[in-house]
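The next block holds one structure in the form of structure tokens; read it before the comments.
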Amino acid sequence: MDSLKKLYKIGNGPSSSHTIGPKKAATQFLERCPEADAYRVTLYGSLAATGRGHLTDVAILSVLEPKAPTEIIWKPSVVLPFHPNGMMYEGLKGGEVIDTWTIFSVGGGSLANETTHEALPDSIYPLTTIEEIKKWCYREGRTFWEYVEECEGKEIWDYMDEIWTVMCETIKKGLNVDGGVLPGGLKVARKAANYWIRSQSYSPSLSSRAKIYAYALATSEENASGGLVVTAPTCGSSGVVPAVLYHLASSREFSRHRILKALATAGLFGNVAKTHASISGAEVGCQGEVGVACAMAAAAANQLFGGTPAQIEYAAEMALEHFLGLTCDPVCGLVQVPCIERNAVAAARALDANAYAMLSDGTHMVSFDKVVEVMNETGHDIPSLYRETSEGGLAKRYTCAVPTKF
């Protein structure tokens, strides 16, 4: 299981799979084939189907075109076996192909292909399931964040501090944007600032819920605008974990140090889901993005409120369980409808899962690991048109009035 540094990444939205991953791939190919006088990039499957709305071409061209003319070819109907988000990079010189590289954006900004999949780096986490880690916690009298520190070393806290700083800055930036619409042609109004302002006049309980929505909207709207966000575990689900932790830090005065520990626990649960299933909407649907984000946030909140390892796992399990089967059907290929609302609702649901688990003794029948297994099975059983292709579900019921462009 990889370091949390591979899960929490800082980058520009609107999509880790469609923006951060392809841009990283373009950078690597430029380094490997700098002598080309032209480049050609073929996008396959989900990457091609929703690439324009996700700014995939913009991300790739920003790297390659300053060096040499670059052509983008879109093949949404061709799905390569390894993963739905396939890319083939070609370097040309004098009209002849001098290098070719096929790579896949597998979720959260990570890249892989058949070769790299077979040569994965040594895992820094010897225990890779929550059941194993939970047993370690009880045996050693410690908790999940301490397992992260045990495996990553104390230097992980500097990285967590940087991640938390960016999360907070993104929320603050999103809350300070008054009015306007998101780019892309759907003309979705930005709502975060209004939600936060209206929260001030409500009763305490409703005000608390409104603020959660506002914080999630703030990050998600920044992401949809191509702003700087943290993958948690993806760009499309980047609003959930920051909203929950920012709200608890603001309303309950949890110290920064405690927030960083909660962030580490959240990352551990996200890492387990990424390792044993997927966090790619193109591979398993939105349950792997917003569902996993909700589980991460629920685990973090439960730890902050003093939950035992069993209660923390229960909160995460419950949060993910109730997102099973969630499709990924972005309207017009944009990370806006229904993505932004899903982030807000998932943030609130994470706190509900935390409260439910805290009222229990932590005993539950279905483990987090089993839910991750089911999520993986369910995701692969979902027809491809419901997995980030904009060919089914809500996307099919809405006709874009204008061409998708930024």
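Checked against the criterion of being within 14 Å of the chain's Cα centre (by Cα) and modelled with pLDDT under 95, the candidates 46, 16 yield just one match: 16. In the stretch 248-278, the residue that is most open to solvent (accessible area, probe 1.4 Å) out of those that are without any contact (Cβ under 8 Å) to a residue 60 or more places away in the chain, assigned to a helix (DSSP H, G or I) and out of contact with any Cys (no Cβ under 9 Å at 6 or more places or on another chain) is 258. When residues in the stretch 49-65 are screened for being open to solvent by less than 10 Å² (accessible area, probe 1.4 Å) and either out of contact with any Asp or Glu (no Cβ under 7 Å at 6 or more places or on another chain) or within 18 Å of residue 91 (Cα to Cα) (or both), 6 of them pass. Number of residues in the stretch 347-388 that are of a type in the set (Asp, Glu), at positive phi and either modelled with pLDDT of 95 or more or open to solvent by 20 Å² or more (accessible area, probe 1.4 Å) (or both): the value is 0. Taking the options 193, 243, name whichever one is more than 25 Å from residue 56 (Cβ to Cβ), within 17 Å of the chain's Cα centre (by Cα) and among the small types (Gly, Ala, Ser). Answer to the check: 243. Out of 71, 140, 114, 118, one residue alone is more than 30 Å from residue 311 (Cβ to Cβ) and at pLDDT 95 or above. It is 71. Within the stretch 128-136, identify whether any single residue is of a type in the set (A, V, I, L, M, F, W, C) and either more than 28 Å from residue 376 (Cβ to Cβ) or at pLDDT below 95 (or both), and answer yes or no. No.
Checked against the criterion of being touching a residue at least 24 places away in the same chain (Cβ under 8 Å), of a type in the set (A, V, I, L, M, F, W, C), open to solvent by 20 Å² or more (accessible area, probe 1.4 Å) and touching a strand residue (DSSP E or B) at 6+ places or on another chain (Cβ under 9 Å), the candidates 235, 328, 286, 332 yield just one match: 332.
Do we have residue 179 as part of a loop (DSSP other than H, G, I, E, B), free of Cβ contacts under 8 Å to residues at least 24 places away in the same chain and out of contact with any Phe, Trp or Tyr (no Cβ under 6 Å at 6 or more places or on another chain) here?
Considered against the rule, which asks whether it is part of a loop (DSSP other than H, G, I, E, B), free of Cβ contacts under 8 Å to residues at least 24 places away in the same chain and out of contact with any Phe, Trp or Tyr (no Cβ under 6 Å at 6 or more places or on another chain), residue 179 comes out as yes.
Could you please find all residues in the stretch 82-103 being of a type in the set (Gly, Ala, Ser) and either surrounded by 15 or more Cβ atoms within 10 Å (Cβ to Cβ) or touching a Phe, Trp or Tyr at 6+ places or on another chain (Cβ under 9 Å) (or both)? Residues satisfying the conditions are 86, 91.
This table checks each residue for (1) more than 22 Å from the chain's Cα centre (by Cα); (2) of a type in the set (D, E, K, R).
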{"site": "135", "(1), (2)": "yes, yes"}
{"site": "138", "(1), (2)": "yes, no"}
{"site": "142", "(1), (2)": "yes, yes"}
{"site": "151", "(1), (2)": "yes, no"}
{"site": "185", "(1), (2)": "yes, no"}
{"site": "228", "(1), (2)": "no, no"}
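Could you list all residues from the stretch 339-358 that are closer than 30 Å to residue 390 by Cβ and among the aliphatic types (A, V, I, L, M)? 340, 344, 345, 346, 347, 348, 350, 353 - these are the residues of the stretch 339-358 that are closer than 30 Å to residue 390 by Cβ and among the aliphatic types (A, V, I, L, M).
Does any residue of the stretch 347-366 turn out to be within 21 Å of residue 273 (Cα to Cα), out of contact with any Lys or Arg (no Cβ under 6 Å at 6 or more places or on another chain) and without any contact (Cβ under 8 Å) to a residue 40 or more places away in the chain? Yes - at least one qualifying residue is present in the stretch 347-366. For residue 148, the conditions (1) open to solvent by 30 Å² or more (accessible area, probe 1.4 Å); (2) of a type outside the set (Asp, Glu); (3) closer than 17 Å to residue 4 by Cβ are fulfilled apart from (1). Here the condition is being under 15 Å from the mean Cα position of the chain (by Cα), part of a helix (DSSP H, G or I) and among the hydrophobic types (A, V, I, L, M, F, W, C); of 210, 216, 232, it holds for 216 alone. Annotation note: of 310, 319, the sole residue that is of a type in the set (Gly, Ala, Ser), part of a helix (DSSP H, G or I) and open to solvent by less than 10 Å² (accessible area, probe 1.4 Å) is 319.
The values are calculated or read from the model by the stated rules, or taken from the named source; none is laboratory data. Predicted model, so just to flag it, every value in this text is computed and none were measured. Because the Cβ atoms are built from the backbone with ideal geometry, glycine has one as well, and the counts that use them run over all protein chains shown. Only protein heavy atoms, including side chains, enter the accessible area calculation; ligands, DNA and RNA are left aside. Shrake-Rupley method; radii C 1.70, N 1.55, O 1.52, S 1.80 Å.
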